[in-house]
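Asker: Sharing a structure with you now.
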């Protein structure tokens, strides 16, 4: 009998350790990352200190924060919402684009994604929950500058994924006329799976299903459903796809691809 109890206890410990390791991995990839600002980041903040700090509460009551830049001569005639990527920040991802949009006299809303920067939140969904936040911010911009102020949403990486999912939302303001996405991935499951497989090899087969269980419990989504193809047919806004900042292709409202489109001409 003592051998049976020893086997049961051993099995229980193995299972407990297995779930604990996967729980730690879940938080490593989807939890809030502590990050100290580098000197270059502090310099960027000093350079871009002429902004208004904005705070809103998301649908699930997470406090989100952003920086609003407006032209020196008053409110601009167009607005842009900048959505940064995973484990990054707006100044890092949009350092060049920030100056570009300023040169075009845009109202610029540079957000901190949930679980990043000064925004609250303990878990990132790598784009799904963030898509709701993106739509919330777009609605805030519409309220601030009016329905007659055309809007562009520009996302990179995770921010690009959130942008595309957000474009499919029925809550998207009608004055969102265009979108720009860069370095977007097709699927959260694919993105996470590739990272785990590259690092853990064979053991990834045991890790991925359990981490997805924690993901589903904490975000309300299944990673396998977090796929752009599930939302693409609902997007009616023209989208310009960039690859490492270079113009590649644009899709108009009828999903027709147009090659050789330049960013500046696309936004005019």
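Asker: Mind telling me which of the residues 67, 96, 118 ends up being at pLDDT 95 or above and at negative phi?
Answerer: Within the list 67, 96, 118, the selection yields 67.
Asker: Within segment 157-187, work out how many residues are touching a residue at least 60 places away in the same chain (Cβ under 8 Å) and under 21 Å from residue 90 (Cα atoms).
Answerer: 17
Asker: Name, by its number, the condition in (1) at pLDDT 90 or above; (2) in contact with a strand residue (DSSP E or B) (Cβ under 6 Å, 6 or more places away or on another chain); (3) part of a helix (DSSP H, G or I) that does not hold for residue 266.
Answerer: Among (1) at pLDDT 90 or above; (2) in contact with a strand residue (DSSP E or B) (Cβ under 6 Å, 6 or more places away or on another chain); (3) part of a helix (DSSP H, G or I), the lone unmet condition for residue 266 is (1).
Asker: Checking the conditions here, which among 221, 214, 202 is farther than 20 Å from residue 27 by Cα and assigned by TED's automatic domain parsing to the domain that holds residue 26?
Answerer: Numbers: 221 fails: farther than 20 Å from residue 27 by Cα; 214 fails: farther than 20 Å from residue 27 by Cα.
Just a single option satisfies the conditions, and that option is 202.
Asker: Look through 219, 210 and report the one residue that is touching a strand residue (DSSP E or B) at 6+ places or on another chain (Cβ under 7 Å) and at pLDDT 90 or above.
Answerer: Values: 210 fails: touching a strand residue (DSSP E or B) at 6+ places or on another chain (Cβ under 7 Å).
Result of the check over 219, 210: 219.
Asker: Being more than 13 Å from the chain's Cα centre (by Cα) and at pLDDT 95 or above is true for just one of 141, 104. Which residue is that?
Answerer: On the way: 104 fails: at pLDDT 95 or above.
The conditions single out 141.
Asker: Moving on. Are any of the residues in segment 70-79 in a strand (DSSP E or B), modelled with pLDDT of 95 or more and in contact with a helix residue (DSSP H, G or I) (Cβ under 9 Å, 6 or more places away or on another chain)?
Answerer: Yes, that holds for at least one residue.
Asker: Could you list all residues from segment 122-137 that are part of a loop (DSSP other than H, G, I, E, B) and buried (at least 24 other Cβ atoms within 10 Å of the Cβ)?
Answerer: 125, 126, 127
Asker: Output the number of residues of segment 110-121 satisfying the condition of being farther than 16 Å from residue 57 by Cβ and either out of contact with any helix residue (DSSP H, G or I) (no Cβ under 8 Å at 6 or more places or on another chain) or not in a loop (DSSP other than H, G, I, E, B) (or both).
Answerer: Qualifying residue count, segment 110-121: 2.
Asker: Any residue at all in segment 227-247 that's farther than 20 Å from residue 85 by Cα, part of a strand (DSSP E or B) and either outside the structural domain of residue 25 (by TED's automatic domain parsing) or modelled with pLDDT of 90 or more (or both)?
Answerer: no
Asker: In addition: Among the residues of segment 144-160 satisfying the criterion of being under 17 Å from the mean Cα position of the chain (by Cα) and in a helix (DSSP H, G or I), which is surrounded by the most Cβ atoms within 10 Å (Cβ to Cβ)?
Answerer: 159
Asker: Any residue at all in segment 151-164 that is assigned by TED's automatic domain parsing to the domain that holds residue 116 and more than 29 Å from residue 28 (Cα to Cα)?
Answerer: There is at least one residue in segment 151-164 that is assigned by TED's automatic domain parsing to the domain that holds residue 116 and more than 29 Å from residue 28 (Cα to Cα).
The values are calculated or read from the model by the stated rules, or taken from the named source; none is laboratory data. Remember, it's a predicted structure, so these values are computed and weren't measured experimentally. Virtual Cβ from ideal backbone geometry, glycine too; neighbours counted across all protein chains shown.
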